[in-house]
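Structure, as C-alpha cells:
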Amino acid sequence: MSRPRILVAGLGDTGLLTAIHLSKHADVVGISSKPGLVSGQELGLRLSRPREWARDYWVSFDRYHRLDPVRTVHGRLTRSDLAARRVHLTGPDGATATEPYDVLVIATGVTNGFWRRPDLQTRDQVAAAIAADHERLAAADSVIVLGGGAAAVSGALNVATTWPDKRVDLYFPGERALSHHHGKVWSMLSTRLERLGVGLHPQHRAEIPDGFGCDEITSGKVEWSTGQSASNAAAVLWTVGRVTPNTTWLPDELLDDDGFVVVDEYLRVPGAPGLYAIGDVAATDPLRTSARSRADTLLAHNIQADLNGGTPKPFKPAARRWGSVVGTQRNTLEIFTPGGQAFRIPAWSLLQPAIVRRGIYGGVRRPVN
C-alpha cells in the first residue's frame, strides 16, 4: 500500500514540527515563502540582538536532521483546488507550479506588523530586513513601543536593556499590558521595565492612519484616540496586534468571518475531508493557542488515526498565554506558566542545543559558513 502524500502549507514554528512528525509515516511536502524557519518569536531579541536571535530562530531547512525526508518547496501559495486536491503556487523566479496532496495541513500563520510577513523572500532579503530593523533602532535616541502584548513588552524591555541611553516608552490601551497572561506576569515585568527606565503609559490607544498596515517602523508623531496629547519619538514600533490570517489562497467557505480557518476539536476542517489546520491561522479558540501548546504532536496523531482507523484526541485550548515573554536575558531563559509562576533555565546557551535542537527538533546541524 502506498504511503499517503501529505502537504504542509507553511513551515513556521508549528508547521515545521508537524511536518517532522508526519514524515515518519507519509510522504511529506512542505511549502514555505521563506528559505528556512524565520520564527515570529522573540521580537525584542530580533530587534536588539539579531545575531543572537538568528542562532535559534532563523534556521535553514537543510540543517534539521528529521526534515531530511521532507521535500521543501520555496514558494508563495496562490490558490487551492479542493476538488482536485492540489494547490497552486509561485516560486522565487516567478514560475508557477501545482502540488497534489491526499492530506493538506494549513499552517500558514498570520501577518502581524513588520516582523511576521507572508512575502516570498530569499535568504539575502531576510537578512537585509532583519539588519535594517536593527540599524533603525540602533540609530534612534528615543523609541515608542505601541501595544500591550508580549511582542510590545519584549520590544520595550530588550531595547532598554541593549541601549540603556535611549528613551523608551511603552504605551498600551488597558490598565495593564499582557492582559492574556496571568496578572502576576505583568506585575513582575512591569517592575523590571520601570527599573530600566522605561516609561509605562496605560490607557493610551494609538490612532492608526488610514491605509497604514502597521508593517514598518515609523518615526515622529503618534496621535491618541483616547484623548491624550500627541507623543513623538525617533522610532515607533507598531506592535498593536493587528493580525491578518494568511488565507487569501483558500476558499471563503473554509474561513470564519475574520478569515481564520474553521476547525473542530480534532483540528479537522469541517466539511472538507483530508484538511486540517494548526497554529495562528486556525480558529481553535479566541487566543488560537494551538500555536503555543505543542499541538503539532496531537495533530500528527490525529491525522494518522484518521488515515488508519485509530482514535483521534481532542485539542484542549489553554485559558491563558504562557511561555517566554522577553527571551533570553543574561543567558537565562524565563518561562511563565499559565498560573503566573516563573521558572528560569540558567546557562541557556549551553542547554538550548540539548533541550530544543535535540529534544524538540531531533537534531540540528551546525551552520555552514
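Some observations on this one:
- Nonpolar atom fraction for the stretch 253-369, defined as the carbon and sulfur part of the 1.4 Å probe accessible area, stands at 54 percent.
- Computed with every protein chain present, the accessible area of Ile6 is close to 0 Å² [probe 1.4 Å].
- Annotated for the chain: lysine pairs at least 8 residues apart or interchain, Cα distance under 29 Å, count 6.
- Ordering Val261, Ser154, Thr247 by the projection of their Cα atoms onto the charge dipole of the stretch 147-269, which places +1 on the Cβ of Lys and Arg and -1 on the Cβ of Asp and Glu, puts Ser154 at the extreme positive end.
- Across the stretch 104-116, computed HN-Hα scalar couplings (Karplus, 6.51 cos²θ - 1.76 cosθ + 1.60, θ = phi - 60°) run 10, 9, 8, 9, 7, x, 9, 8, 8, x, 8, 10, 10 Hz from first to last residue, x flagging Gly and Pro.
- Summarising the label geometry, the points placed 7 Å from Cα in the beta-carbon direction at Asp258 and Ala129 lie 2.3 nm from one another.
- Backbone phi angles across the stretch 352-360, fed through the Karplus curve with coefficients 6.51, -1.76 and 1.60 (θ = phi - 60°), yield HN-Hα couplings of 4, x, 6, 6, 8, 5, 8, x, 8 Hz in residue order; Gly and Pro are listed as x.
- The shape of the stretch 219-299 can be summarised by an equivalent ellipsoid whose semi-axes, obtained from the alpha carbon gyration tensor, come to 36, 14, 11 Å from longest to shortest.
- Considering only the Cα atoms of the chain, their convex hull presents on average a projected area of 18.9 nm².
- Share of Cα-Cα pairs in the stretch 257-323 lying beyond 17 Å, as whole percent: 37 percent
- Computed label-point distance, nm, for sites Ile335 and Arg294 using a 7 Å Cα→Cβ extension: 0.7 nm
- Angle between the chain longest axis and helix 150-162 axis [Cα atoms, degrees, rounded to 10]: 50 degrees
- Distance histogram in 10 Å bins (all Cα pairs of the stretch 100-247, percent per bin): 10, 37, 34, 13, 4, 1
- 0 to 90° range, to nearest 10: angle between helix 13-22 axis and the chain longest Cα axis: 20 degrees
- Cα-only radius of gyration and Dmax that characterise the stretch 1-100, units Å: 14.9, 52
- 15 Å reach of a label modelled at Gln228, 7 Å along Cα-to-Cβ, counting backbone N of the stretch 188-210: 194, 198-208
- Ordering of 126-138, 215-227 by packing [mean C-beta count within 10 Å, highest first]: 126-138, 215-227
- In this structure, Arg71 and Arg242 have a Cβ-Cβ separation that, at R0 = 30 Å, corresponds to a calculated FRET efficiency of about 0.30.
- Simple spin-label estimate for His25 and Ile355 in nanometres, 7 Å along Cα-Cβ: 2.9 nm
- The C-alpha atoms of the stretch 64-138 occupy a region whose extents along the principal axes are 50, 29, 24 Å, arranged from largest to smallest.
- Think of a 1.4 Å ball rolled over the protein heavy atoms: the chain then has 46 Å² of accessible area per residue.
- The 3J(HN,Hα) values that the Karplus relation (6.51, -1.76, 1.60; θ = phi - 60°) gives for the stretch 48-65 are, in residue order, 9, 9, x, 5, 5, 4, 4, 4, 10, 10, 10, 9, 5, 4, 6, 8, 8, 4 Hz. Gly and Pro appear as x.
- Here the average projected area of the convex hull drawn through the C-alpha atoms of the stretch 238-350 stands at 9.8 nm².
- Dipole magnitude for the chain: computed about the Cα centre from +1 point charges on Lys and Arg Cβ and -1 point charges on Asp and Glu Cβ, it is near 1400 debye.
- Of the solvent-accessible surface of the stretch 1-81, computed with a 1.4 Å probe over protein heavy atoms with every protein chain present, carbon and sulfur atoms account for 48 percent.
The values are calculated or read from the model by the stated rules, or taken from the named source; none is laboratory data. Given the structure is predicted, the values throughout are model-derived calculations rather than measurements. So basically every Cβ, Gly included, is an ideal-geometry build from the backbone, and we count neighbours across all protein chains shown. The accessibility values were calculated without ligands, DNA or RNA, using every heavy atom of the protein model including side chains. Shrake-Rupley method; radii C 1.70, N 1.55, O 1.52, S 1.80 Å.
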